[in-house]
Amino acid sequence: MYCLDTNIIIEHLRDNRLIKEKIIALTKYGADFSITPITICELYKGAYKSKNIEHNIKQVKTTVATMKIIEFNENAYLAYGKIHKELMSKGTMTSEMDLLIGCLAYSFNATLVTQNKKHFENIQGLKVEEW
């Protein structure tokens with residue numbers, strides 16, 4: 001399963017040809033795609049900050065309806081606590097939102113797809129692909 005980071009969804013909404021082709025190609029091979037509740041929040045935040053709010057909210061709703069949403073569960077809570085402690089003790093903390101997205105992907109053994117691999121490189125055991 002692939003978990004798409006916010007920046008990947010934004011590029012998809014902007015009709016980035018390379019992102020769309022990659023998703024189509026992987027779908028043909030049976031790949032599953034998911035997003036996190038954090039990503040959904042970030043997408044709506046962006047839509048409300050935009051000049052074309054109604055259009056962008058509609059785009060977000062349509063896109064979210066086609067994706068599996070990775071929900072928080074006990075494994076995600078435990079992963080967050082453990083990984084947060086590890087990063088704090090090493091002094092390699094990442095942003096809270098990226099940490100939550102990364103922990104959710106990690107707890108579901110999903111490959112996180114992002115355009116900012118550096119944001120997630122300190123989360124040991126997280127599979128990350130940069131598109």
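Look at the range 11-28: where a residue is within 15 Å of THR114 (Cβ to Cβ) and a partner is hydrophobic (A, V, I, L, M, F, W, C) and assigned to a helix (DSSP H, G or I), sitting 6+ places away or on another chain with Cβ atoms under 6 Å, you get GLU11/ILE19; HIS12/ILE19. Between ILE35, ILE23, the distinction of being under 17 Å from the mean Cα position of the chain (by Cα), modelled with pLDDT of 95 or more and under 21 Å from TYR2 (Cα atoms) belongs to ILE35 only. Do you know which residues across the range 63-86 are farther than 16 Å from ALA105 by Cβ and under 17 Å from the mean Cα position of the chain (by Cα)? Passing the criteria: THR63, VAL64, ALA65, THR66. In the set (1) surrounded by fewer than 17 Cβ atoms within 10 Å (Cβ to Cβ); (2) over 15 Å from the mean Cα position of the chain (by Cα); (3) over 20 Å from GLN124 (Cα atoms), the condition left unmet by SER89 is number (3).
Against the numbered list (1) without any contact (Cβ under 8 Å) to a residue 12 or more places away in the chain; (2) touching a Phe, Trp or Tyr at 6+ places or on another chain (Cβ under 7 Å), LYS118 comes up short only at (2). Scanning the range 31-66 for residues that are surrounded by fewer than 17 Cβ atoms within 10 Å (Cβ to Cβ) and under 14 Å from LEU112 (Cβ atoms) turns up ALA31, ASP32.
From the set of residues in the range 1-10 that are among the hydrophobic types (A, V, I, L, M, F, W, C) and part of a helix (DSSP H, G or I), which is nearest to VAL113 (Cα to Cα)? Checked the range 1-10; the qualifying residue nearest to VAL113 (Cα to Cα) is ILE8. Does CYS41 count as touching a residue at least 60 places away in the same chain (Cβ under 8 Å), under 24 Å from GLU121 (Cβ atoms) and among the hydrophobic types (A, V, I, L, M, F, W, C)? Here the answer is no, as CYS41 does not meet what is asked. The residues of the range 20-62 that are within 24 Å of TYR106 (Cα to Cα) and small (Gly, Ala, Ser), listed by number, are ALA25, GLY30, ALA31, SER34. Against the definition (touching a residue at least 40 places away in the same chain (Cβ under 8 Å) and either touching a His at 6+ places or on another chain (Cβ under 8 Å) or under 25 Å from LYS20 (Cβ atoms) (or both)), how does VAL64 come out, yes or no? Considered against the rule, which asks whether it is touching a residue at least 40 places away in the same chain (Cβ under 8 Å) and either touching a His at 6+ places or on another chain (Cβ under 8 Å) or under 25 Å from LYS20 (Cβ atoms) (or both), VAL64 comes out as no.
The values are calculated or read from the model by the stated rules, or taken from the named source; none is laboratory data. Here the structure is a predicted model, which means the values were calculated and not measured. Every residue, glycine as well, gets a Cβ built from its backbone with ideal geometry; the counts of neighbours run over all protein chains shown.
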